[in-house]
Amino acid sequence: MIDPKLLRDEPDRVRAAQAKRGLSDDVVDRALSADSARRAAIVEFERFRGEQKQLGKLIPKATGDEKVALLEQTKKLAASVKEAEAAQAAAEEEWSTALRSIPNVAADETPAGGEDDFVILETVGTPRDFAAEGFEPRDHIELGKLLGAIDIERGAKVSGSRFYFLTGVGAQLELALINLAMDQAREAGFTQMIAPSLVKPRAMEGTGFLDQAADDVYRVEGQDLYLVGTSEVAMAAYHSDEILDGATLPRRYAAFSPCFRKEAGSHGKDTKGIIRVHWFDKVEMFVYTTLEDAAAEHERLLAWEKEFLNKLELAYQVIDVAAGDLGPSAMRKFDCEAWIPTQGKYRELTSASNCTDFQTRRLDTRGRFEDGTKPIATLNGTLCAMTRTIVAVLETHQQADGSVRVPEALRPYLQGREVLEPLGG
RNA sequence: GGAGGCGUCGCCUAGUCUGGUCUAUGGCGCCCGCCUGCUAAGCGGGUUUGGGGCUACAACCCCAUCGAGGGUUCAAAUCCCUCCGCCUCCGCCA
């Protein structure tokens, strides 16, 4: 939720922000008029209510005819109060709906436009030249089979398309990645967390996932619970309805959880392999900090993501995601896209978002500072999304014989193994 | 799943039976001031959160807020209903 004050004081800035995302600014006027209607309704209600309270005080002292008259008067007033209260509630509702449908105001630095209007900030490493090395790279599906690491057929048999089993060395690889990520996070001062992947509607709404992305969210039948698409959801709601001591900020959490996505609307995209699946596990960085520090923290999250990708010796580029592709919560987003050899392109592996006070306003999380209670910011960034990372590692570090070289940083987490060998026979 | 108990402004707590000076008591903690070689103690004051009015976004005034939502009533922390959470016991279970 954006700051209502910003809407009131600088509606043109909000209009411009809508345009930058390619959205209509009708909602701005709707929200503005709802706001003034709401305030009028509040004044009305408070006038009646105040009068009612004043008269109510006289009743216990009154006697006889005086009391009868008072009771008659207050009875009428009670009806007005009730009516005004209902009108106020309706006005609040309309205002809140309008306000909530306005996404976060993108940062000045965020490129305008949609999905294709991103700006490449940096390219790290060089994609391997398999032609020069004299062999055709195998895709992760084939490598997964050779190594006995990924069982997609049985994933489909048991759970349907876009599911998989990680088997043997594949399972070990995920556990190694989790531990590498968690160790890095712990060393950087993060509190390690294992977060629930089923959450109440409040958490889902609060993080903005019931807006545009609603179609992508699994809802549990008959249970008023949702499966999270990222532990960001649980972590943003973790401190809901709390006022955090400003001195404890930034609070940095590294949360592990499975993630579930319907992938509605992506039929036909990435239908093979484990690039796009309905479930995967992820270690996510989640930070609560001050609004003043948020932009700097965003850069730090990106730095930690790069550090992790560097450990895995991957080639990648960092992009500044365009406004139209930010999602409702973020005001700026950096994606790290790793080179996938058999696709001949960079694919998103991690994503770091600065959500400023958009989520904390919805979830009632604030900070107590010397100069008062103020809104605070949340940020999130992927440290390691297992499936796509496994794809990148296998394909990038494969060798002509179908074996895969283990990046050095990962070896301590794989019993010192330097190479993953194809299964015999 | 069954039975019972509990939920008060940071923490503890009074108030709920018997609705109305509850404008929610007291203590602890915290903040400001006084006092004071320093510290402690003592004394005085302040200390939920959200919203609105008016404005300099101050001060001030007002409304809401006693787990949440309804209801009864002129009036609800207090009575009634529903829900949520926590605790105890039983059952079940990894």
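The values are calculated or read from the model by the stated rules, or taken from the named source; none is laboratory data. Given the structure is predicted, the values throughout are model-derived calculations rather than measurements. We place every Cβ from the backbone using ideal geometry, glycine too, and count neighbours over all the protein chains shown. Accessible surface is based on the protein model in full, side chains and every heavy atom, while ligands, DNA and RNA are left aside. Shrake-Rupley method; radii C 1.70, N 1.55, O 1.52, S 1.80 Å.
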Handout entry: Cα→Cβ-extended label distance, 7 Å offset, between A:V43 and A:V124, nm
Key = 5.6
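Contact order normalised by length for chain A, with contacts defined as Cα pairs under 8 Å and 6 or more residues apart; what percent is it?
On the way: 802 pairs, mean separation 83.9, N = 425.
It rounds to 20 percent for chain A.
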Completion exercise
With Cα springs under 10 Å, the Gaussian network model of chain A assigns the largest mean-square fluctuation among A:G327, A:G372, A:G22 to A:G372
Practice task
Work out the FRET efficiency for A:D216 and A:F369 from their Cβ-Cβ distance, taking R0 = 35 Å, and round it to the nearest 0.05.
Solution key: 0.45
Practice task
Report the extension gain between A:A62 and A:F135 in nm, rounded to one decimal, defined as 0.36 nm multiplied by the number of residues separating them, less their alpha carbon distance.
Solution key: 16.3 nm
Handout entry: A:H140 accessible area, assembled protein chains, probe 1.4 Å, Å²
Key = 10
Handout entry: Residues of type lysines that A:K57 reaches as a straight line, Cα spacing below 21 Å, ignoring anything fewer than 8 places off in the same chain
Key = A:K67, A:K75, A:K76, A:K82
Problem - Apportionment of accessible area to carbon and sulfur, chain A, percent (1.4 Å) - result: 50
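Sorted by accessible area with a 1.4 angstrom probe, largest first, how do A:S353, A:S161 fall?
A:S161, A:S353
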Handout entry: Which of A:V68, A:V217 is most accessible, then next, and so on - probe 1.4 Å
Key = A:V68, A:V217
Completion exercise
Sorted by accessible surface (1.4 Å probe, heavy atoms of the protein chains only), largest first, A:M1, A:M285 come out as A:M1, A:M285
Fill in the blank from the handout: GNM of chain A, Cα pairs under 10 angstrom: of A:V393, A:V119, A:V43, the biggest fluctuation goes to A:V43
Problem - Surface accessible to a 1.4 Å probe, per residue, for the residues of chain A, Å² - result: 47
Exercise for the section: Calculate the spin-label point distance for A:K200 paired with A:V158, positioning each point 7 Å from the Cα along the beta-carbon direction, and give it in nanometres. Expected result: 3.3
Practice task
Would you be so kind as to identify which of A:L147, A:V119, A:T356 lies farthest towards the positive end of the dipole of chain A, taking Lys and Arg as +1 and Asp and Glu as -1 on Cβ and the Cα centre as origin?
Solution key: A:T356
Problem - Extension reserve of the A:A86-A:D270 stretch, reckoned as 0.36 nm per residue once the Cα distance is removed - result: 61.2 nm
Problem - Fluctuation leader among A:Q54, A:Q415, A:Q184 - chain A, Gaussian network, Cα springs under 10 angstrom - result: A:Q54
Problem - Model label zone, A:N310; criterion: amide N under 18 Å from point 7 Å along Cα-to-beta-carbon; scope region A:159-183 - result: A:180-183
Exercise for the section: Please tell me the relative contact order of region A:234-321 in percent, rounded to the nearest whole number, where contacts are Cα pairs under 8 Å and at least six residues apart. Expected result: 31
Handout entry: Theoretical FRET efficiency, 1/(1+(r/R0)^6), r = Cβ-Cβ of A:A19 and A:Q415, R0 41 Å, to 0.05
Key = 0.15
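To the nearest 20 Debye, how big is the dipole of chain A about its Cα centre, given +1 on the beta carbon of each Lys and Arg and -1 on that of each Asp and Glu?
Dipole of chain A, to the nearest 20 debye: 1200 debye.
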Fill in the blank from the handout: Taking Lys and Arg as +1 and Asp and Glu as -1, residues besides A:A176 with C-beta under 11 Å from its C-beta add up to 0
Exercise for the section: Identify all lysines with a Cα-Cα distance to A:K269 below 26 Å; exclude those on the same chain that are fewer than 8 residues away in sequence. Expected result: A:K145, A:K157, A:K282, A:K333, A:K345
Problem - Positive-pole candidate from A:A296, A:L309, A:A203, dipole of chain A, charges at beta carbon - result: A:A203
Handout entry: Distance between region A:46-97 and region A:168-182 - C-alpha centres, whole angstrom
Key = 65
Exercise for the section: Go through A:A400, A:W339, A:Q184 and say which Cα lies farthest out towards the positive end of the charge dipole of region A:115-420; charges sit on Cβ, +1 for Lys and Arg, -1 for Asp and Glu. Expected result: A:A400
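Would you work out the charge dipole size for region A:4-100 about its Cα centre, treating the Cβ of every Lys and Arg as +1 and the Cβ of every Asp and Glu as -1, and quote it to the nearest 20 debye?
300
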